[in-house]
1. Name the residues whose placed amide hydrogens come within less than 5 Å of the amide hydrogen of Gly66, ignoring near sequence neighbours (fewer than 5 apart) on the same chain.
2. For the stretch 123-233, what class follows from the C-alpha gyration tensor (a ≥ b ≥ c being the square roots of its eigenvalues): rounded when a/c is under 1.5, otherwise prolate if a/b is larger than b/c, else oblate?
3. Taking H placed 1.01 Å from N in the peptide plane, check which residues at least 5 places from Asn184 or on another chain put their amide H under 5 Å from its amide H.
4. How big is the Rg/Rh ratio for the stretch 35-125, C-alpha atoms only, Rh by Kirkwood, two decimals?
5. Karplus couplings for the stretch 170-178 from phi (6.51 cos²θ - 1.76 cosθ + 1.60, θ = phi - 60°), rounded to Hz, Gly and Pro as x?
6. Rounded to a whole number, what % of the accessible area of the chain do carbon and sulfur atoms account for, probe 1.4 Å?
7. With a 1.4 Å probe and all protein chains left in place, how much accessible area per residue does the stretch 2-226 have, in Å²?
8. Mind listing the phi-derived Karplus ³J(HN,Hα) values for the stretch 144-152, rounded to whole Hz, using 6.51, -1.76 and 1.60 with θ = phi - 60°, and x for any glycine or proline?
Amino acid sequence: MKIIKVKNPAEGAQKAFDIYQDALNHGVKVLGLATGATPIALYEKLSDSTLDFSNVTSINLDEYLGLDGNNEQSYRYFMNQHLFNKKPFKKSYVPNGISENHEAMAVQYDQIISENPIDLQLLGIGRNGHIGFNEPGTPFTSTTHVVNLTQSTIDANARFFENESDVPTQAISMGIASVMTAKNILLLAYGADKADAVAATVNGPITEQVPASVLQNHKNVTIIIDEAAAMKL
């Protein structure tokens, strides 16, 4: 596990961009992507760059259930706005939040991952240590699945919605085992509110109560953290 400490999120975005540029220069074919506030600065740098993604496939971690891709709060919409509209990929997979059969769609999504092995998976981390929407207690053996979101995650996401009652309570997410199939993993974490989760991920016991702690078992993990997120290491 490689830890890169930076002064602030802007410097972190540049370090992450350098990793992506190197990956593209070395012929990476499949990128696992994430949403949320943390990767926005990275996506801006990728969008403004000369990097070419036309031969690259992307596979997103998760999506809210009940939101279609035209909903401004859906993760498909987020990715279109922040990256895909500016940098088209060969193919961009995001889970279908309005599929008629979520369980069947989850199986299909794992098949997509199997057919397109992820070279570099981008992750954020929740204050409770979740990665994707894999909340504490999610088995490390989990594959893509429907998730009932915890109240802490709903509260964290509420700032993006006009009313808390509008915040989805379920999502579909790559499972922890799905994430761990990636050849390389890059986790970004900024801010003091992530310090406990970062410390538990890096130095704590490997436990399903801290989903990100499983990354200690992966051979190629890079974590970029700012000074605030690193304060408890």
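The values are calculated or read from the model by the stated rules, or taken from the named source; none is laboratory data. Keep in mind that this is a model prediction, so the values were computed, not measured. In this analysis, Cβ positions are derived from the backbone assuming ideal geometry, glycine residues included, and neighbour counts consider all displayed protein chains. Side chains are part of the model used for accessible areas, which takes the heavy atoms of the whole protein and leaves out ligands, DNA and RNA. Shrake-Rupley method; radii C 1.70, N 1.55, O 1.52, S 1.80 Å.
1. Distant-sequence amide H within range of Gly66: Ile98.
2. oblate
3. Leu120, Gln121
4. A ratio of 0.95.
5. After applying 6.51 cos²θ - 1.76 cosθ + 1.60, I find 9, 8, 10, 9, 3, x, 5, 5, 5 Hz.
6. Here carbon and sulfur together make up 46 percent of the probe-accessible area.
7. Here the per-residue accessible area is 44 Å².
8. 4, 7, 7, 10, 8, 6, 6, 4, 5
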